[in-house]
Number of protein chains: 2
Amino acid sequence: MSRTIHLALHPYGVGGPGQHGLWKDPRVAKNASIDIGYYIKQAQAAEHALFDALFVVDSQFINATYPSHYLNRLEPLTLLSAVATHTRHIGLVGTASSTYNSPFNLARRFASLDHISGGRAGWNVVTSFDTGTSRNFGLDEHLDYATRYGRALEFVQVARGLWDSYEDDAFPADVARGVFLDPAKLHELNHEGEHFKVAGPLNLSRSPQGQPVIFQAGVSEEGRDLAAQVAEGIYAPGGSLEQAQEYYADIKRRTASYGRDPEHIKIFIHGGPVVAATDEAARRREREIFDEDNDFDRNLALLGRSFGAYDFSGHDLDAPFPDVAHLAEKGGRTGASKLIERARAENLTLRQVAESVSEFRRSPFVGAPDTVADTIEKWFDAGTFDGINLAFRTDDDLELFVDGVVPILQKRGLFRTEYAADTLRGNLGLPVPANRHTHGPAPAGSTGP
Amino acid sequence: MSRTIHLALHPYGVGGPGQHGLWKDPRVAKNASIDIGYYIKQAQAAEHALFDALFVVDSQFINATYPSHYLNRLEPLTLLSAVATHTRHIGLVGTASSTYNSPFNLARRFASLDHISGGRAGWNVVTSFDTGTSRNFGLDEHLDYATRYGRALEFVQVARGLWDSYEDDAFPADVARGVFLDPAKLHELNHEGEHFKVAGPLNLSRSPQGQPVIFQAGVSEEGRDLAAQVAEGIYAPGGSLEQAQEYYADIKRRTASYGRDPEHIKIFIHGGPVVAATDEAARRREREIFDEDNDFDRNLALLGRSFGAYDFSGHDLDAPFPDVAHLAEKGGRTGASKLIERARAENLTLRQVAESVSEFRRSPFVGAPDTVADTIEKWFDAGTFDGINLAFRTDDDLELFVDGVVPILQKRGLFRTEYAADTLRGNLGLPVPANRHTHGPAPAGSTGP
């Protein structure tokens, strides 16, 4: 296991789940989530701090109960393309659904971002757990778990096939011979699978990374298996240290079981650090944040999101958690089933379950800079992550971490003091995939014109 | 009719149809079509010259016989998002297919570009005429003309419905009252049509233009009718002065027949001006360009593109043009039917038809700066266009036009001397559409946060 920690920045905008009150903070611009200037500044701050990546989450369904940031935010690929030309080193990871996109278009957009950014594109593959999404794409019913994950696996395989359409030396652009393209180095894919038929070739050459980096956020069995098969990065659920250890070991084991090097899948846990001058001040601030964000109605709506945007408000709040297992099957991520299990095991009321929702992402990294650095090191040494996906409420919080914690991590040799590469693969220590049509090792550098 | 000409720039990259030899020009970077720096410079040069828009064409199918620029180019929306933050006034028009995209995703991406650019996004709606495109999207057969155009019309209607999801004042973001969104100002679309079922709402607020500007390139009956119903800009076929007059009058008449103001559809003809110090030098240069680009095999392949990537190379070149009318129906644009008609009427051989292909876009604007300005004025006064979509082979050619012709047009009051607005609508003189859910006039400015 590498002794270097990877850090990513997940911009909150005006606030997602568990940050219902964030938009009220006077330091948060009310239009942050649709202001490209906000994202450029976030990316530049993260790059200044030598972070590996900017990580942009996404979804394709809302109703009026959804968190502020979800209601009104820029689309990740247009956002990251705009950010790309204002940064030089930081990776640009965008979330896109394999359920509600087509492989040709999406593979092309990520390859385009990889060209635009000079090799810094990453794709966070999600299968869309909001059941309502289906109705934005002409389907009455959301695809079930197995179909969505089967489709996701095949989608990534097709995308990778399309990304290999051109060999790296396909474009001699030889004026003397009058040859721009060597047609023997352009390959059709002719994929025919269970979910997709895609002929190819892609109308875009291999990008500087060979292929954009694949991220995934696998929680369920299907998700973990998908990640182990194709992911090179994971946005992990976190939880307690023991839960994170179990997840980390499980993913690395599964990855090896698919014949892959477990070093080639980097596991990021969520971290919303609360850093202050003293441990006590940090704990006080954490309590304040919790109080600010603990909006019961919002939490009830958020709870509903895990059950297909189900409206729980008609139920008796103080009766036992209702029987909604049937709703968890299609839309809900594993969280939904786990909630039901826990509600039964602990005999919780609907109110108690809803109140627990905003605590899901309580950060282990709370305290003075030394304390936070110690905790990070402890968790890292315990085999819980390769990287942390950091989210900050305000620029002040980002600064407290970058100025306070990062130098300690650097002093301990746990974090880089300069970028090793200009590509996301390079900084994550991931290999450039060889083109399937090319014999011999793939060159590490750029493609032909 | 407004006395002001609109100008757009259509970047050629390493060369599309009719510019087969362009990549060999030492002034053209071999990677221009995948270099975001090239596009940023083109946009900045066009903005410096006060042009209305950068116009990026696109397609989603290639084979090795396709023009150099088609083989390997950036995807328009990622490209334009990157360009957006390096420009301030120029419109950003991207081509995207209504046949091979879904309304929710595409509407969102264009709205996102409109937010990122501060109100400069335009969507050139195409239906994809390369029949092979279908095989990149899981279909054995390309959709036929009528279906594609019916789908295009409904697609634009759905997109516009989604763009109106939020009223302009939907986000009070009122900290005192604790109200970020006013839920009464968020509207579901619940569209159920022949081609699409889309519930909405879109997860993005109205953009600075209210709605991105719709462009179209209607040549056929179906295309002209679609344009007249929904387009606010057209990339017209051009041809002779008489043909352009007929087209212009026809589109304006059709637009009025749909109850629309004919001033609210701006017709751009293609112009690849050849400017030189003298008329004779320009004509000589035009001949050179023609000779450079007149690659018979490429033209034969290009001809095939209008007939579903049909391979004509097995036919006798000197026999009468073969009977390929059945191939023109699905994939070919109207050009295909027109070619067949002309071949029959003039009794042309396959060789003669193929040789004619590279001349389709011969520019009327050839000569010394004064001559070109005269011709532009003559064509404009003759009612052939509202704007010209200019394409230049090299930066030298762009400069010759901008430094030579533009000042003459300005002196004659035919072209702006400063931008009137920071939005594409503003510069084109197009109204900001009122939100369908809002009573009273829509504010011209920006949306809520």
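Values computed for the structure shown
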| read-out | value |
| --- | --- |
| On Cα atoms only, tilt of B:279-293 relative to the major axis of chain B in degrees | 90 degrees |
| Cα Rg over Rh - chain B, Kirkwood | 0.97 |
| Using distinct alpha-carbon pairs, which all enter the 1/r mean, Kirkwood radius of region B:83-235 in Å | 16.5 Å |
| Threshold 30 Å² - residues in region A:110-127 whose accessible area is reduced by that much or more when the chain is no longer isolated, probe 1.4 Å | A:Ser112, A:His115, A:Ile116 |
| Separation of the B:Asp279 and B:Gln410 label points, Cα + 7 Å toward Cβ, nm | 2.6 nm |
| Ratio Rg/Rh, restricted to region A:240-323 and using Cα atoms, in which Rh is the Kirkwood radius | 1.14 |
| Length added when fully stretched, B:Asp381-B:Ser240, from 0.36 nm per residue minus Cα-Cα | 49.3 nm |
| Charge sum, other residues only, whose C-beta stays under 14 Å from A:Ala46's C-beta, Lys/Arg counted +1 and Asp/Glu -1 | -2 |
| Spherically averaged projected area in nm², based on the convex hull that wraps the Cα atoms of region B:51-106 | 4.9 nm² |
| Pairwise burial B:A, computed as accessible area of each alone minus the pair, summed, 1.4 Å, Å² | 5500 Å² |
| Dipole of region B:215-304, positive direction: furthest Cα of B:Ile267, B:Gly239, B:Gly304, with charges on the beta-carbon | B:Ile267 |
| Unsatisfied cross-links (Cα-Cα over 28 Å) in the set A:Lys266/A:Lys338; A:Lys252/A:Lys378; A:Lys197/A:Lys338; A:Lys185/B:Lys24; A:Lys185/B:Lys41; A:Lys185/B:Lys30 | A:Lys197/A:Lys338; A:Lys185/B:Lys41 |
| Percent RCO, i.e. relative contact order, over chain A, from Cα pairs under 8 Å lying at least 6 residues apart | 22 percent |
| Relative contact order (%) - criterion: Cα under 8 Å, at least six apart; region: region B:295-357 | 42 percent |
| Overall Cα dimensions of region B:295-357, principal axis frame, Å, largest first | 26, 24, 18 |
| Cα-based helix-to-principal-axis angle, A:36-48 vs chain A, degrees rounded to 10 | 80 degrees |
| Semi-axis lengths (Å, descending) of the ellipsoid that matches the C-alpha gyration tensor of region A:1-160 | 26, 22, 14 |
| Accessible-area composition of chain B, carbon plus sulfur, in percent [1.4 Å probe] | 49 percent |
| Electrostatic dipole magnitude of chain A [Cβ: Lys, Arg +1; Asp, Glu -1; Cα centre; debye, to 20] | 660 debye |
| Degrees between helix A:296-305 axis and first principal axis of chain A (Cα, 0 to 90, nearest 10) | 40 degrees |
| Cβ charges +1 (Lys, Arg) and -1 (Asp, Glu), total dipole of region B:295-357, debye | 300 debye |
| Kirkwood hydrodynamic radius (C-alpha pairs) into Stokes-Einstein, the protein assembly as shown, 20 °C and 1.002 mPa s, D in µm²/s | 75 µm²/s |
| Surrounding net charge for A:Val372, when Lys and Arg each add one and Asp and Glu each subtract one, Cβ distance under 13 Å | -3 |
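The values are calculated or read from the model by the stated rules, or taken from the named source; none is laboratory data. Note that the structure is predicted; figures quoted are calculated from it, not measured. Virtual Cβ from ideal backbone geometry, glycine too; neighbours counted across all protein chains shown. Please note that ligands, DNA and RNA were not included when accessible areas were found on the heavy atoms of the full protein model with its side chains. Shrake-Rupley method; radii C 1.70, N 1.55, O 1.52, S 1.80 Å.
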